[in-house]
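Chemist: Supplied in structure tokens, the structure appears directly below.
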Amino acid sequence: MAKRIQSIRGMNDYLPAETAVWQKVEAILKGTLARYGYSEIRLPVVEETSLFKRAIGEVTDVVEKEMYTFEDRDQLSLTLRPEGTAGCVRAGLENGIIYNQEQRLWYFGPMFRYEKPQKGRYRQFHQIGVEVFGLQGPDIDAEIIALTARWWHELGIADYVTLEINSIGSLEERYHYRQALVAFLEQHKSHLDADCQRRMYTNPLRVLDSKNSEVQALLVDAPKLSDYLNNESKTHFNGLCNMLTSLGIKYTINECLVRGLDYYNRTVFEWVTKNLGAQGTVCAGGRYDGLVSQLGGHATPAVGFAMGIERLILLIQSVNPGFIKQDNLDIYMIGLGSSAQIPAMLLAETLRNALPKVKLMTNHGGGNAKKQFARADKWGAKIALVLGENEIAAKEVVVKDLRNGQQETIGQDRLIEHLSSMLK
Ligand code: ATP
Ligand code: MG
């Protein structure tokens with residue numbers, strides 16, 4: 001036999017048992033977005049590399065070491081998108097839907113990052129994300145958080161996620177804070193690990209969310225970003241806190257929350273869980289008022305978030321196993337003898353027209369009655385319909401209730417009514 005070709009490490013296949021869960025989760029997520037008046041935007045999976053470098057920042061983990069970058073046949077440097085925001089802003093500018101307008105958008109699709117694959121961390125993963133343009137008050141920040149909180153209730157995981165928020169001010173406020181932080185870190189350089197020593201000059205705020213407990217202990221005495229916020233930023237953040245409280249959404253303020261991507265300002269937030277080990281961030285986002293102008297548009301306030309679907313589904317599976325119940329087949333259509341195949345397929349189509357909600361599978365590939373009933377069981381059908389030569393001649397059909405074994409022969413003209421009452 002020829003040698004088989006394997007999938008790429010960290011890029012998963014999703015088989016039918018899993019896609020059933022994905023479809024249910026996606027339907028809930030997308031349904032909620034529609035109820036808030038948000039619209040879908042679909043974007044390419046590949047963009048020019050310079051887009052991500054400029055939007056995400058050269059010295060972030062994503063750009064420094066996680067991007068899938070390659071040259072196409074015209075030597076143009078392209079990158080498989082590692083996140084959705086940069087492409088969304090690019091598309092918004094290109095299509096003229098951002099300037100002087102209000103947009104509430106969402107996207108869903110695969111993202112690519114060259115990371116070490118492990119539970120909850122893959123090289124191809126999926127995100128659903130929201131991006132809102134043209135609104136600067138904290139009320140919209142509160143709304144997108146409220147929307148995510150509603151998701152948790154609908155998915156049955158509300159008790160297993162908690163909200164952390166922070167304000168990281170403007171670029172200018174961070175610039176002053178950065179100087180104070182670097183001065184502090186320089187005094188304690190010998191206690192920092194190699195990663196933090198490197199970040200200290202390239203992206204010092206990232207030292208704040210180091211996972212190293214020694215570094216965290218040191219940071220207790222570090223200057224606080226909140227002391228460097230101006231009144232406008234403080235008012236914005238207090239506004240958000242008040243609204244969350246009014247909406248009954250619990251949160252904690254985490255002064256070390258800074259987010260990995262450069263483009264955030266003011267509000268940042270994360271929904272975290274203790275149920276997924278080290279991969280505890282389920283959903284993360286914030287405000288990015290500077291990004292639209294950074295990418296060549298007129299200054300436009302913006303806020304958004306992204307959520308990893310794989311991590312979300314791992315969490316649902318670990319805390320809410322009832323969610324995963326398979327949605328079984330309603331009816332299996334059996335045709336006995338080769339002359340029954342076409343009448344069976346025709347009757348199946350008639351039933352699909354009349355009963356659009358019913359899941360009906362037709363037997364294919366022949367087989368005797370025993371084989372075909374075994375297939376009906378395998379697919380978990382509730383009812384088997386049997387058409388043989390006699391039934392076809394008499395315009396009848398055998399209806400067998402597979403849940404209790406009872407069977408009867410009825411006229412095909414009564415079938416729709418009969419099945420509707422059986423499946424009630
Ligand atoms: P982490 O700290 O876990 O690396 P991140 O800060 O890189 O996360 P974001 O860029 O904010 O993550 O992406 C938002 C969400 O996308 C994450 O909270 C997570 O749910 C998901 N995510 C990010 N990277 C991966 C990955 N490699 N595999 C699966 N999901 C991911
Ligand atoms: Mg990451």
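The values are calculated or read from the model by the stated rules, or taken from the named source; none is laboratory data. Please read all numbers here as calculations on a predicted model, not as lab measurements. Glycine also receives a Cβ, built like all others from the backbone with ideal geometry; neighbour counts cover every protein chain displayed. In case anyone asks, the SASA skips ligands and DNA or RNA and just uses the protein heavy atoms, side chains included. Shrake-Rupley method; radii C 1.70, N 1.55, O 1.52, S 1.80 Å.
Chemist: For the stretch 225-257 and the stretch 61-139, what is the centre-to-centre distance using only Cα atoms, to the nearest Å?
Modeler: Taking the Cα centre of the stretch 61-139 as reference, the centre of the stretch 225-257 is 26 Å away.
Chemist: Label-point separation (nm) for THR252 and ASP227, each offset 7 Å from Cα along Cα-to-Cβ?
Modeler: Inter-label distance under the simple model: 2.3 nm.
Chemist: Relative contact order, percent, of the stretch 331-422 when contacts are C-alpha pairs under 8 Å separated by at least 6 residues?
Modeler: Relative contact order for the stretch 331-422 comes out at 31 percent.
Chemist: Here is a follow-up. Once you have the Cα-Cα distance between ARG42 and GLN294, take 0.36 nm times their residue separation minus that, and quote the gain in nm to one decimal. Intermediate values should be presented prior to the final figure.
Modeler: Numbers: separation 252, 0.36 × 252 = 90.72 nm, distance 2.20 nm.
Computed gain between ARG42 and GLN294 is 88.5 nm.
Chemist: Quick one: of LYS24/LYS359; LYS189/LYS224; LYS24/LYS211; LYS116/LYS274; LYS30/LYS378; LYS3/LYS119, which pairs are farther than 23 Å apart, Cα to Cα?
Modeler: On the way: LYS24/LYS359 16 Å; LYS189/LYS224 18 Å; LYS24/LYS211 34 Å; LYS116/LYS274 21 Å; LYS30/LYS378 32 Å; LYS3/LYS119 28 Å.
Check vs 23 Å cut-off fails for LYS24/LYS211; LYS30/LYS378; LYS3/LYS119.
Chemist: Shifting gears a bit: Obtain the radius of gyration and the Kirkwood radius of the stretch 1-67 from its C-alpha atoms and give Rg over Rh. Intermediate results must be reported in sequence, preceding the final value.
Modeler: Values: Rg = 18.1 Å, Rh = 16.3 Å.
Rounded to two decimals, Rg/Rh equals 1.11.
Chemist: Dipole size in debye (nearest 20) for the stretch 155-306 around its Cα centre, Lys and Arg Cβ +1, Asp and Glu Cβ -1? Don't skip to the end; give the middle numbers.
Modeler: Working: 14 positive and 16 negative charges, 28 e Å.
With only Lys, Arg, Asp and Glu charged at Cβ, the dipole is about 140 debye.
Chemist: First obtain the Kirkwood hydrodynamic radius of the stretch 1-120 from its Cα pairs, then insert it into the Stokes-Einstein equation at 20 °C and 1.002 mPa s, and state the resulting D in µm² per second as a whole number. Intermediate results must be reported in sequence, preceding the final value.
Modeler: Details: Rh = 17.0 Å.
Diffusion coefficient, whole number: 126 µm²/s.
Chemist: Have a look at the stretch 325-368 and give its Rg and Dmax from the Cα atoms, expressed in angstrom.
Modeler: Considering the stretch 325-368 through its Cα atoms, Rg and Dmax are 11.4, 37 Å.
Chemist: Turning to a different aspect of this structure: Give me the accessible area of TRP379, 1.4 Å probe, in Å² rounded to the nearest 10.
Modeler: 120
Chemist: While we're looking at this one, here's another question. Would you mind pulling out the separation of the Cα centroids of the stretch 263-282 and the stretch 1-54, in Å?
Modeler: 20
Chemist: Keeping the other protein chains in place, figure out the carbon and sulfur percent of the accessible area of the stretch 331-422, with a 1.4 Å probe.
Modeler: Details: 2760 of 5290 Å².
For the stretch 331-422, the apolar C and S fraction of the accessible surface comes to 52 percent.
Chemist: Once you wrap a convex hull around the alpha carbon atoms of the stretch 163-218, what is its projected area averaged over all directions, in nm²? Intermediate values should be presented prior to the final figure.
Modeler: On the way: hull surface 17.0 nm².
Taking the Cα atoms of the stretch 163-218, their convex hull projects to 4.2 nm² on average.
Chemist: Using the alpha carbons of the stretch 32-76, what is the convex hull volume per residue in cubic angstrom, as a whole number?
Modeler: Hull volume over Cα atoms, normalised by residue count, gives 121 Å³.
Chemist: Got a sec? Charge dipole of the chain, +1 on Cβ for Lys and Arg, -1 for Asp and Glu; which of PHE112, ALA20, SER39 is way out at the positive end?
Modeler: Checked the options; the winner is ALA20.
Chemist: Now a separate question. How much length would be gained if the chain were fully extended between LYS378 and ALA27, taking 0.36 nm per residue of separation minus their Cα-Cα distance, in nm to one decimal?
Modeler: Details: separation 351, 0.36 × 351 = 126.36 nm, distance 2.64 nm.
Gain in length upon complete extension: 123.7 nm.
Chemist: Can you pull the percent of Cα pairs in the stretch 292-364 with separation above 18 Å?
Modeler: Values: 1766 of 2628 pairs.
Value for the stretch 292-364: 67 percent of Cα pairs lie more than 18 Å apart.
Chemist: To continue, here is another question. Give the dimensionless ratio obtained when the Cα radius of gyration of the stretch 85-214 is divided by 2.2 N^0.38 Å. Walk me through the intermediate numbers first.
Modeler: Details: Rg = 19.0 Å, N = 130, 2.2 N^0.38 = 14.0 Å.
Computed over Cα atoms of the stretch 85-214, the ratio equals 1.36.
Chemist: Which helices pass in the chain if a helix is a full DSSP H run, must span at least 18 angstrom along its long axis by Cα, and must have mean Kyte-Doolittle hydropathy not below -1.0?
Modeler: 16-35, 138-155, 171-187, 231-246, 341-354
Chemist: Compactness ratio of the stretch 331-422: Cα Rg over 2.2 N^0.38 Å, N = residue count? Working shown, then result.
Modeler: Numbers: Rg = 11.8 Å, N = 92, 2.2 N^0.38 = 12.3 Å.
Here the answer is 0.96, to two decimals.
Chemist: Taking the Cα centre of the chain as origin, work out the dipole magnitude from +1 charges on Lys and Arg Cβ and -1 charges on Asp and Glu Cβ, in debye rounded to 20. Don't skip to the end; give the middle numbers.
Modeler: On the way: 49 positive and 50 negative charges, 256 e Å.
In debye, rounded to 20, the chain gives about 1240.
Chemist: What Kirkwood hydrodynamic radius, in Å, does the stretch 185-307 give when the mean of 1/r is taken over all pairs of distinct Cα atoms and then inverted?
Modeler: On the way: mean 1/r = 0.0610 Å⁻¹.
Kirkwood radius, the stretch 185-307: 16.4 Å.
Chemist: How much accessible surface area, in Å² rounded to 10, belongs to the heavy atoms of ARG121 with a 1.4 Å probe?
Modeler: 60
Chemist: Give me, ordered by chain and number, the residues 5 or more places off GLN136 or on other chains with an amide H under 5 Å from its own placed amide H.
Modeler: Counting only residues 5 or more places away or on other chains, the set is empty.
Chemist: Using only alpha carbon pairs under 8 Å that are at least six residues apart, calculate the relative contact order of the stretch 15-110 and give it in whole percent.
Modeler: Values: 80 pairs, mean separation 32.2, N = 96.
Relative contact order for the stretch 15-110 comes out at 34 percent.
Chemist: Moving on to the next point. Size of the dipole of the stretch 24-118 about the Cα centre, Lys and Arg at +1 and Asp and Glu at -1 on the beta carbon, nothing else charged, in debye to 20? Write down the numbers at each step before the final one.
Modeler: Values: 13 positive and 15 negative charges, 92 e Å.
For the stretch 24-118, the charge dipole is close to 440 debye.
Chemist: What area, in nm² and to one decimal, does the C-alpha convex hull of the chain cast on average over all directions? Spell out each step's value before the answer.
Modeler: On the way: hull surface 112.9 nm².
Averaged projected hull area, Cα only: 28.2 nm².
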